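Student: Attaching a single structure in structure tokens format; questions to follow.
The values are calculated or read from the model by the stated rules, or taken from the named source; none is laboratory data. Everything numeric here is computed off the predicted structure, so don't read it as measured data. Heads up, the Cβs are rebuilt from the backbone with ideal geometry, glycines too, and the neighbour counts pull from every protein chain shown. To get the accessible areas, we keep the full protein, side chains included, count just its heavy atoms, and leave off ligands, DNA and RNA. Shrake-Rupley method; radii C 1.70, N 1.55, O 1.52, S 1.80 Å.
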Amino acid sequence: MQPTPRHLLSAADLSAAETSLLLDCAARLKRRPQRLLEGRQLALLFEKPSLRTRVSFQVAMRHLGGETIYLAPQEVGLGEREAIKDVARVLGRYVDIVAVRTYGQEIVEEYAGYSTIPVINALTNEEHPCQALADLLTVREKLGADLRGVSLAFIGDGNNVSASLVVTAASLGMDVRMASPKGYMLPESVVSEAAARAAAQGGKLTLVVDPVEAVTAAQVLYTDVWTSMGQERESERRRIDFAGYQLNRELVAKAASGALVMHDLPAHRGEEITDEVIESPQSIVFDQAENRVWAQAAAVAFLLGLAGQIDG
Ligand code: CP
Ligand code: NVA
């Protein structure tokens, strides 16, 4: 019998201690890339488009001496051309680890249930844990490794990016604030997970409707698109519902002076964020994108049981 593999399907799959450990590993790999994954293969099974996630996984594996195989949306037909449980068991015979980008969270969960190798959520409708790890790695680089009490305000949709972000930030003891219009708040399960983690780590979780309340004196500001992949038919409605939630000069002025501005990208400039704010010196969006490489390198090493071998 093979041992049950460790998966990263949700930010909550990592304990608070593991979250910190993984960020330490990412920082060490960034300082000193090492060939930990010689001969290891990662499959990228993607059902939605991607720039950052795909390329950063490919580059991460290269840095660590491993290889990748990319499967584009039209190729596999997960659950359509072939049953999820068959795809999972077949890929497990070829590669050592798989990153899946798909629609519902239940798809990666079903996949992982049949997988003999670790499965990484490379974005679902509900979660984007790799993004959150890279984001907090970036904040640690800017503000120091101990983020307890540091205030982070997310302005916008209770979507995949904010769900993983609030759980990860709460695990680090941050003062997490989230402002969303009514009807677009995070699911209750995410709120209770993040609140419990924040309480355990001496942090805080505050959910409000008013974006000004959330950003007041905040040290880190974060936003994401109002319409995510797969929701395109709702975009007109969402533009109306999210009016007033744009990260613009006026909102940034209410935050702490020099507050960091974050966005996972791609951005819809002129909707959730202005061109001026994303191009401002406070913006760290490209540092976030760069750090996807190191956060994911650490995640792969961790899930393959190799974190203990990282030097430095
Ligand atoms: N931020 C992010 O995941 O970007 P991609 O959709 O381009 O991978
Ligand atoms: N919330 C966005 C994130 C893209 C990286 C989406 O799901 O489309």
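Student: Among the residues of region 18-74, how many are acidic (Asp, Glu), assigned to a helix (DSSP H, G or I) and within 16 Å of ligand 2 (Cβ to nearest atom)? Steps first, answer last, please.
Tutor: Going residue by residue through region 18-74, those that are acidic (Asp, Glu) are 18, 24, 38, 47, 67.
Narrowing further to those that are assigned to a helix (DSSP H, G or I): 18, 24.
Add one more test, that the residue is within 16 Å of ligand 2 (Cβ to nearest atom), and what stays is none.
Final tally of qualifying residues: 0.
Student: Now a separate question. Go through (1) aromatic (Phe, Trp, Tyr); (2) open to solvent by 60 Å² or more (accessible area, probe 1.4 Å); (3) away from ligand 1 (no atom under 16 Å from the Cβ) one by one and return the number of the condition TYR103 breaks.
Tutor: Looking at each condition in turn, TYR103 falls short on (3).
Student: Which of the residues belonging to region 248-268 are assigned to a strand (DSSP E or B) and either at pLDDT below 95 or more than 16 Å from ligand 1 (Cβ to nearest atom) (or both)?
Tutor: Let us first name the residues in region 248-268 that are assigned to a strand (DSSP E or B), namely 260-263.
Within region 248-268, LEU260 is the sole residue that qualifies.
Student: Given the conditions (1) in contact with a helix residue (DSSP H, G or I) (Cβ under 9 Å, 6 or more places away or on another chain); (2) open to solvent by 70 Å² or more (accessible area, probe 1.4 Å), report the number of the one that GLU279 does not fulfil.
Tutor: Going through (1) in contact with a helix residue (DSSP H, G or I) (Cβ under 9 Å, 6 or more places away or on another chain); (2) open to solvent by 70 Å² or more (accessible area, probe 1.4 Å) one by one, GLU279 breaks only (1).
Student: Another one. Any residue in region 115-123 that is over 23 Å from THR206 (Cα atoms), free of Cβ contacts under 8 Å to residues at least 40 places away in the same chain, open to solvent by 10 Å² or more (accessible area, probe 1.4 Å) and hydrophobic (A, V, I, L, M, F, W, C)? Please lay out each step first, then the result.
Tutor: Step one: of region 115-123, the residues over 23 Å from THR206 (Cα atoms) are 115-123.
This time we only want the ones that are free of Cβ contacts under 8 Å to residues at least 40 places away in the same chain, so: none.
Checking region 115-123: not a single residue is over 23 Å from THR206 (Cα atoms), free of Cβ contacts under 8 Å to residues at least 40 places away in the same chain, open to solvent by 10 Å² or more (accessible area, probe 1.4 Å) and hydrophobic (A, V, I, L, M, F, W, C).
Student: Still on this structure, please answer the following. Yes or no: ASP175 among the acidic types (Asp, Glu) and within 16 Å of ligand 1 (Cβ to nearest atom)?
Tutor: Working: among the acidic types (Asp, Glu): yes; within 16 Å of ligand 1 (Cβ to nearest atom): no.
It is false that ASP175 is among the acidic types (Asp, Glu) and within 16 Å of ligand 1 (Cβ to nearest atom).
Student: Here's something else I'd like to know. Yes or no: GLU126 open to solvent by 20 Å² or more (accessible area, probe 1.4 Å) and within 11 Å of ligand 2 (Cβ to nearest atom)?
Tutor: Judged against the criteria, GLU126 is a match.
Student: May I ask you to say which residue of ARG93, ARG101 is within 16 Å of ligand 2 (Cβ to nearest atom) and charged (D, E, K, R)? Before the answer, list the steps.
Tutor: Details: ARG93 fails: within 16 Å of ligand 2 (Cβ to nearest atom).
Every option except ARG101 fails the conditions.
Student: Which of (1) closer than 21 Å to THR19 by Cβ; (2) part of a helix (DSSP H, G or I) does LEU205 not meet, given it meets every other one?
Tutor: It fails just one condition, (2).
Student: Another question about this same structure. What are the pairs, 6+ residues apart or on separate chains, where a residue within region 1-24 that is farther than 19 Å from ALA169 by Cβ has its Cβ under 9 Å from a residue that is of a type in the set (Ser, Thr, Tyr) and buried (at least 18 other Cβ atoms within 10 Å of the Cβ)?
Tutor: The qualifying pairs are PRO5/SER115; HIS7/SER115.
Student: Is at least one residue of region 175-190 open to solvent by less than 10 Å² (accessible area, probe 1.4 Å), closer than 22 Å to ARG292 by Cβ and in contact (Cβ under 8 Å) with a residue 12 or more places away in the chain?
Tutor: So far as region 175-190 goes, yes, one or more of its residues are open to solvent by less than 10 Å² (accessible area, probe 1.4 Å), closer than 22 Å to ARG292 by Cβ and in contact (Cβ under 8 Å) with a residue 12 or more places away in the chain.
Student: Same structure, new question: Here are the criteria: (1) surrounded by 14 or more Cβ atoms within 10 Å (Cβ to Cβ); (2) more than 16 Å from ligand 2 (Cβ to nearest atom); (3) part of a loop (DSSP other than H, G, I, E, B). Tell me which single one LEU221 does not satisfy.
Tutor: (3)
Student: Quick check on region 224-241: of everything there that is outside any helix (DSSP H, G or I) and in contact (Cβ under 8 Å) with a residue 60 or more places away in the chain, which residue is most open to solvent (accessible area, probe 1.4 Å)? Write out each step before concluding.
Tutor: Within region 224-241, the first condition is being outside any helix (DSSP H, G or I), and the residues that meet it are 224-231.
Subset that is in contact (Cβ under 8 Å) with a residue 60 or more places away in the chain: 224-226, 228-230.
Details: ASP224: 5, VAL225: 14, TRP226: 15, SER228: 16, MET229: 68, GLY230: 53 Å².
For region 224-241, the residue satisfying everything is MET229.
Student: Quick one: ALA112 ticks every box in (1) touching a Leu at 6+ places or on another chain (Cβ under 7 Å); (2) within 16 Å of ligand 1 (Cβ to nearest atom) except a single one, so which number is it?
Tutor: Unmet for ALA112, out of (1) touching a Leu at 6+ places or on another chain (Cβ under 7 Å); (2) within 16 Å of ligand 1 (Cβ to nearest atom): (2).
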